[in-house]
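The values are calculated or read from the model by the stated rules, or taken from the named source; none is laboratory data. Source: prediction; values computed, not measured. As a convention, Cβ positions derive from the backbone with ideal geometry for all residues, glycine included, and neighbour counts pool all protein chains shown. These accessible areas exclude ligands, DNA and RNA; they are computed on the full protein's heavy atoms, side chains included. Shrake-Rupley method; radii C 1.70, N 1.55, O 1.52, S 1.80 Å.
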Amino acid sequence: MTTAPAQAGWRFRQPSVIPGFGLTLGFSLAYLTLIILIPLSGLIWRSASLGWADFWAIAGDRRTINALEISFGTAFLAAAVNVVFGTLVAWVLVRYRFPGRRIVDAMVDLPFALPTAVAGIALTTLYAPNGWIGKLLMPLGIKVAYTPLGIVVALVFIGLPFVVRTVQPIMEEIDKEVEEAAATLGASRFQIITRVLFPGLAPAIITGFSLAFARGVGEYGSVIFIAGNLPYKSEIAPLLIVIRLEEYNYPAATAIAAIMLALSFVMLLVVNLVQTWSRKRYG
Amino acid sequence: MADPEIKSYEPYHESRSAAVTESRPAQAVLMAIAFVFLGVFLLLPLIIVFHEALAKGIGAYTQALGEPDARSAIRLTLLVAAISVPLNVVFGISAAWAIAKFEFKGKAFLTTLIDLPFSVSPVISGLVYVLLFGAQGLLGEWLKAHGVQILFAVPGIVLATVFVTFPFVARELIPLMQEQGNGDEEAALSLGANGWQTFWYVTLPNVKWGLLYGVLLCNARAMGEFGAVSVVSGHIRGLTNTMPLHVEILYNEYNAVGAFAVASLLAELALVTLVLKTLLEMRYGAELAATRGH
């Protein structure tokens with residue numbers, strides 16, 4: 001920005017008769033800076049002042065690595081489960097008519113509205129060895145509560161609406177004529193779904209996946225009850241941050257948080273690239 | 001949601017070619033899978049909350065809710081929501097006005113920044129305030145010297161709650177106000193209204209349902225937030241425990257009835273939120289359409 005505002009080519013904002021630009025933008029920026037930007041840069045500043053040796057000692061710690069693996073691994077699995085079932089639920093809601101459809105549709109948002117701690121104790125009670133579902137799985141030799149599988153169950157609950165709510169509006173917009181055209185040209189229903197419908201839905205499915213995944217990586221409240229929280233086995237990264245904080249080990253807590261932020265950022269970048277690619281590929 | 005175009009799909013009769021919809025048995029199987037999945041993952045957790053809360057009868061339930069610690073947790077949760085929701089409403093309106101009514105450089109970047117708290121783990125949202133205000137924090141010494149208590153007290157809980165609920169109102173209002181354009185405001189201004197009058201009598205009535213929608217979601221999250229608040233609260237019983245934190249404490253003490261009784265209040269809040277949200281979408285679906293998807 002080397003030019004003066006008065007100069008013609010560059011303008012900070014388009015002229016408008018509507019008042020209040022300075023006030024609202026000023027207030028918004030000040031509030032954003034105070035609440036979000038300063039605290040977050042405090043975290044970055046803290047982790048940057050650790051020094052490489054200390055940072056790598058924390059990052060290379062077996063417990064940290066395992067916690068990160070568990071967080072990202074279970075979140076990935078749960079998001080994959082949600083892609084399959086979330087897309088199916090969206091399809092049923094958009095294409096089929098049945099009594100109580102609106103109630104089912106509203107229910108999908110339950111994980112957004114139900115506090116995570118409530119979801120956590122409810123799922124743990126259901127999947128505990130003597131719980132309603134745990135009892136049924138016990139004879140099959142499947143243990144859910146207090147294992148990494150329990151983490152996946154909690155994250156499936158948390159992530160479901162992200163997939164359904166991103167895919168659903170795109171499904172509603174699908175032009176039925178495209179399917180009819182494919183059918184008249186002799187395509188089978190399976191071919192229409194995989195070759196005609198899926199390509200159009202792919203970007204939305206990828207977005208839903210990444211939203212569910214990102215939410216799952218950071219999730220804390222619903223997971224800590226069902227996970228069992230065994231170090232190296234079922235301890236998630238956000239919990240390890242809390243444990244380090246309770247030990248007053250601020251550097252470790254900060255470093256783990258910084259790694260999580262960096263990994264999430266890389267993830268979002270990859271998803272954006274995949275999305276651009278899929279838009280180009282499927283037009 | 002149920003816009004008229006979708007209705008035109010409705011008659012899935014023989015007149016439609018079988019190839020543009022699944023066969024009847026396939027439909028039945030897909031619906032069955034979807035319902036079983038939703039039943040297991042959404043309905044059962046909701047049912048078990050009330051089942052466990054009432055496991056020892058209604059007497060034990062009301063007694064658990066009448067406990068002084070439970071009552072103080074309820075009071076604190078209401079207080080925190082009563083402070084943080086209005087703060088984010090003021091910010092949401094202000095940000096939406098700046099972003100939707102004007103064209104300026106860096107607008108897309110600002111919109112991205114507003115969504116930032118959604119991509120940060122709640123635990124990290126709490127951690128950033130501990131790093132700022134804690135004993136070893138950047139401002140820790142100064143706060144201690146001046147006797148200001150932020151961490152392990154109400155201000156810290158409010159700050160963490162404001163952080164995690166930051167984007168809710170803004171992200172409902174921005175697309176809505178962008179879609180409505182500036183025509184109404186320009187007309188009001190040309191007729192001699194001043195800025196505030198234009199906002200109160202023209203803009204606010206235009207966006208009131210979207211605003212209510214955002215407030216609803218913001219409030220649900222504010223009252224239910226666990227991770228961020230857990231990090232900054234210090235878990236002082238009867239003093240800095242919000243309802244979700246109190247649920248955790250009771251649950252870890254194997255007081256299932258107590259934990260689920262408090263949890264049932266939060267579940268009721270969630271149900272009320274969902275009902276109101278659905279009613280808003282049914283009534284003002286077209287208006288809110290731009291903001292759907294979250």
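Taking only DSSP H segments of four or more residues, each worth -39500 (n - 2.57), what value at 222 nm results for chain B once the sum is divided by all its residues, to the nearest 500 deg cm²/dmol? Write down the numbers at each step before the final one.
Details: 16 runs with 209 residues, N = 294.
After summing the helix terms and dividing by residue count, I get -22500 deg cm²/dmol.
Placing unit charges on C-beta atoms (Lys and Arg positive, Asp and Glu negative, everything else neutral), compute the dipole magnitude of segment A:154-283 about its Cα centre in debye, rounded to 20.
Working: 10 positive and 10 negative charges, 64 e Å.
Magnitude of the dipole: close to 300 debye.
Give the lysines reachable from A:K176 as a straight Cα distance under 16 Å; neighbours fewer than 8 places away on the same chain don't count.
By straight Cα distance, A:K176 reaches B:K7.
Shielding of B:30-38 by partners, i.e. mean partner chain Cβ atoms within 10 Å per residue?
Values: counts 6, 6, 1, 5, 10, 4, 1, 9, 9.
Per residue, the average neighbour count from other chains is 6.
Under a point-charge model restricted to the Cβ atoms of Lys and Arg (+1) and Asp and Glu (-1), what is the dipole moment magnitude of segment A:52-282 relative to its Cα centre, in debye to the nearest 20?
My answer is approximately 500 debye.
Once all Cα-Cα distances of segment B:53-184 are split into 10 Å bins that start at 0, what whole-number percent is in each one?
11, 27, 27, 21, 11, 3, 0
What are the aspartates and glutamates whose alpha-carbon lies under 20 Å from the alpha-carbon of A:K143, with same-chain residues fewer than 8 places away excluded?
A:E235
Would you mind telling me the share, in percent, of accessible area of the protein assembly as shown contributed by carbon and sulfur at probe 1.4 angstrom? It would help to have the intermediate numbers written out before the result.
Numbers: 17070 of 25450 Å².
Here carbon and sulfur together make up 67 percent of the probe-accessible area.
For the protein assembly as shown, what is the accessible area per residue in Å², given a 1.4 Å probe and the full set of protein chains? Spell out each step's value before the answer.
Numbers: 25450 Å² over 577 residues.
That works out to 44 Å² per residue.
For chain A, set up a Gaussian network in which alpha carbons nearer than 10 Å are linked by springs, and say which option among A:V118, A:V153, A:V83 fluctuates the most.
For chain A, modelled as a Gaussian network with Cα springs under 10 Å, the answer is A:V118.
Among the GluC sites (Glu not before Pro) within segment A:173-280, which fall in a DSSP loop and have no more than 13 other Cβ atoms within 10 Å of their own Cβ?
Working: sites: A:E173, A:E177, A:E179, A:E180, A:E219, A:E235, A:E246, A:E247; in loops: A:E219, A:E235, A:E247.
Sparse-neighbourhood loop GluC sites (Glu not before Pro): A:E247.
Could you work out Rg/(2.2 N^0.38 Å) for segment A:58-144, with Rg from alpha carbons only? Please list the in-between numbers first.
Numbers: Rg = 17.4 Å, N = 87, 2.2 N^0.38 = 12.0 Å.
Normalised Cα radius of gyration, segment A:58-144: 1.45.
Give me the mean projected area, in nm² to one decimal, of the convex hull enclosing the Cα positions of chain B. Could the numbers behind the result be given before it?
Details: hull surface 90.0 nm².
Mean orientational projected area (chain B, Cα hull): 22.5 nm².
Once the Cα gyration tensor of segment A:52-282 is found, what semi-axes does its equivalent ellipsoid get, as square roots of 5 times the eigenvalues, in whole Å, sorted largest first?
Working: eigenvalues 266, 110, 40 Å².
Its equivalent ellipsoid spans semi-axes of 36, 23, 14 Å.
Rounded to the nearest 10 Å², what accessible area does A:K135 have for a 1.4 Å probe in the complete protein model?
Surface open to solvent at A:K135 totals about 120 Å².
For segment B:46-91, just run the numbers: alpha carbon Rg, then divide by 2.2 N^0.38 Å, N being how many residues it has. It would help to have the intermediate numbers written out before the result.
Working: Rg = 15.1 Å, N = 46, 2.2 N^0.38 = 9.4 Å.
Working it through for segment B:46-91, the quotient is 1.61.
Sort all Cα-Cα distances of the protein assembly as shown into consecutive 10 angstrom bins from zero, then give the percent of pairs in each bin up to the one containing the longest distance.
3, 16, 25, 26, 18, 8, 2, 0, 0
How big is D for segment B:139-294, in µm² s⁻¹ as a whole number, if Stokes-Einstein is applied with the Kirkwood radius of its Cα pairs at 4 °C and 1.567 mPa s?
Working: Rh = 18.5 Å.
Taking Rh from Cα pairs, D becomes 70 µm²/s.
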